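Everything below concerns the one structure shown next.
The values are calculated or read from the model by the stated rules, or taken from the named source; none is laboratory data. These numbers were taken from a predicted model, which means no experiment stands behind them. Here Cβ is always computed from backbone atoms with ideal geometry, including for glycine, and neighbour counts include all displayed protein chains. To get the accessible areas, we keep the full protein, side chains included, count just its heavy atoms, and leave off ligands, DNA and RNA. Shrake-Rupley method; radii C 1.70, N 1.55, O 1.52, S 1.80 Å.
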Amino acid sequence: MPDDSHAELARRAGEVLERNRRGDWTCPSRDFYPHQWLWDSCFVAIGLARHDPQRAAQEVRALFRGQWANGMLPHMIFADGARDAGSRRIWRSKTHPDAPRDVETSCITQPPLVSVTVGRVAENLSAADRNAFLEELFPKLVAYHEWLYRERDPRQRGLVTLLHPWECGLDTTPPWMRALRRMAQPWWLRLALRWRLARGARLFRRDTRYLPSGERASDNDGLRMLVLIQRAKRHGFALERMPPGESVLIEDLAFNAFLAFANRSLGEIADTIGQSLHPGLLDRCHATEVALEELWDETSGQYYSRDAQTDRLIKLPTIATFLPLLAGVPSDERAQRLIALLREPSGFWPRYPVPSVATDAPAFDADRYWKGPTWVNTNWAIIAGLRACGEDELARELRYRTLELVARAGFSEYFSPLTGEGYGADDFSWTAALALDLVEGESPAP
Ligand code: GLC
């Protein structure tokens with residue numbers, strides 16, 4: 001049973017989710033992120049599943065408003081009337097034949113947690129509603145997983161390739177930013193970087209109008225990410241058409257670990273409604289679990305993302321190394337090495353764990369976005385991973401520390417792993433939703 005302070009935290013979390021509610025779906029933060037995001041809504045639905053499974057089911061259904069005819073689930077669905085018109089103009093989704101006609105969306109995806117979410121929501125629906133919900137969503141989920149394999153793993157290597165850092169969810173994580181810096185830049189960007197003019201881009205940025213620039217992506221990284229969108233747009237956001245040298249293509253560790261986790265949920269959903277995944281898809285799911293092991297580096301005892309163009313691991317230590325635990329993929333020996341790494345006080349276990357980048361890594365920056373801060377969604381995933389490999393005590397400790405951090409600092413977007421100070425947007429939906437899930441569930445596993 002939750003103690004009093006946890007019950008109070010849960011009450012306040014519920015209020016945040018109510019304030020951020022936009023009819024059928026919930027925005028990540030009122031002023032700052034007014035649209036619907038794919039993995040944010042998954043976390044919101046997971047947090048709401050026990051309290052209000054009907055609302056959680058609506059949150060998931062709202063995501064499928066944005067599903068493309070080819071099966072893709074976009075990382076953003078734009079809200080009508082939101083002031084932020086700039087970001088929808090970047091994409092112009094309706095010029096793409098597969099995009100929906102009645103809503104505008106982005107043209108890339110985000111971590112594929114939606115099958116996990118559907119499973120969690122369904123468990124909490126009444127028996128009568130459960131099967132109808134699963135039967136309604138199962139074909140749409142299959143279409144999404146099939147799109148991932150068809151369009152993003154055309155060489156059938158088992159790992160999905162991403163074409164933009166926003167797809168991995170950990171937007172400015174060092175492996176992506178390093179690959180982006182090495183990509184051939186257009187002349188005007190080279191000039192802007194050389195003459196330190198990139199700062200001028202701040203005039204057009206929304207985030208730094210609300211938040212200190214030191215907590216966000218740097219102007220240089222921000223401009224490079226925009227260049228990458230323009231290039232991807234020119235090539236129809238199609239992986240196979242992206243020109244080598246002018247693109248960044250990464251077999252992203254976090255994304256593929258989440259995919260392996262979600263594939264298992266998809267299989268369970270099929271079982272529940274007496275259906276099965278067709279053999280082709282089952283083979284691809286199996287191949288992902290096998291191929292994740294190719295991302296292991298024996299010397300450092302860590303998993304890494306892989307550059308899909310050079311086939312080299314990008315050996316920078318980030319929080320993604322722990323995510324294969326979630327999918328139950330690592331052997332006992334590898335899991336034990338990961339757990340020893342996690343508990344290292346000068347690396348991933350500072351006062352407020354788990355930092356998005358190890359605190360002793362050169363790229364570590366305690367208050368900048370995905371370059372160091374602790375995030376509640378990755379903690380939630382690591383807690384589930386620890387439980388999946390039988391590390392219940394460590395999972396309990398991380399759960400306790402995560403809730404303590406949120407209770408002290410509030411529902412911030414992210415936190416300093418050194419001081420516990422909250423950064424980024426306030427009243428952030430996934431912080432609230434996952435705190436709710438952690439308070440109520442001893443186990444955040446699906
Ligand atoms: C930030 C995060 C991304 C999230 C989005 C909306 O861009 O990096 O993962 O989905 O905000 O909250």
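Between SER115, SER87, the distinction of being within 23 Å of the chain's Cα centre (by Cα), farther than 25 Å from LEU281 by Cα and in contact (Cβ under 8 Å) with a residue 24 or more places away in the chain belongs to SER87 only. Among the residues making up segment 32-58, those that are within 16 Å of the ligand (Cβ to nearest atom) and under 19 Å from THR105 (Cα atoms) are PHE32, TYR33, PRO34, HIS35, GLN36, TRP37, LEU38, TRP39, ASP40, SER41, CYS42. Here TRP166 meets each of (1) more than 16 Å from the ligand (Cβ to nearest atom); (2) of a type outside the set (Asp, Glu); (3) modelled with pLDDT of 95 or more with one exception, condition (1).
Per-residue answers, yes or no, for (1) within 30 Å of GLU293 (Cβ to Cβ); (2) more than 16 Å from the ligand (Cβ to nearest atom); (3) without any contact (Cβ under 8 Å) to a residue 60 or more places away in the chain:
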position: PRO154; (1), (2), (3): yes, yes, no
position: THR173; (1), (2), (3): yes, no, no
position: GLY222; (1), (2), (3): no, no, yes
position: ASP252; (1), (2), (3): yes, no, no
position: PHE258; (1), (2), (3): yes, no, no
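Being open to solvent by less than 10 Å² (accessible area, probe 1.4 Å) and at positive phi: is that true of GLY71 here? Before the answer, list the steps.
On the way: open to solvent by less than 10 Å² (accessible area, probe 1.4 Å): yes; at positive phi: yes.
When the stated conditions are applied, GLY71 passes them.
If I filter segment 363-384 for residues that are free of Cβ contacts under 8 Å to residues at least 24 places away in the same chain, in a loop (DSSP other than H, G, I, E, B) and touching a Ser or Thr at 6+ places or on another chain (Cβ under 6 Å), do I get at least one hit? No, that holds for no residue. In the condition set (1) assigned to a helix (DSSP H, G or I); (2) open to solvent by 10 Å² or more (accessible area, probe 1.4 Å); (3) within 16 Å of the ligand (Cβ to nearest atom); (4) in contact (Cβ under 8 Å) with a residue 24 or more places away in the chain, LEU228 is compliant with all but (2).
Criterion first (of a type in the set (Gly, Ala, Ser), open to solvent by less than 40 Å² (accessible area, probe 1.4 Å) and touching a helix residue (DSSP H, G or I) at 6+ places or on another chain (Cβ under 7 Å)) does ALA99 satisfy it? So ALA99 fits the description; yes. Among the residues of segment 157-171, none qualifies, meaning not one is free of Cβ contacts under 8 Å to residues at least 24 places away in the same chain and either out of contact with any Pro (no Cβ under 9 Å at 6 or more places or on another chain) or under 27 Å from LEU313 (Cβ atoms) (or both).
Taken over segment 340-391, the residue count meeting the criterion of being open to solvent by 20 Å² or more (accessible area, probe 1.4 Å), farther than 25 Å from ALA327 by Cα and in contact with a helix residue (DSSP H, G or I) (Cβ under 8 Å, 6 or more places away or on another chain) is 4.
The single residue among ARG351, ARG396 that is in a loop (DSSP other than H, G, I, E, B), away from the ligand (no atom under 15 Å from the Cβ) and basic (Lys, Arg) turns out to be ARG351.
The single condition among (1) under 23 Å from ASP437 (Cβ atoms); (2) within 16 Å of the ligand (Cβ to nearest atom) that THR402 does not satisfy is (2).
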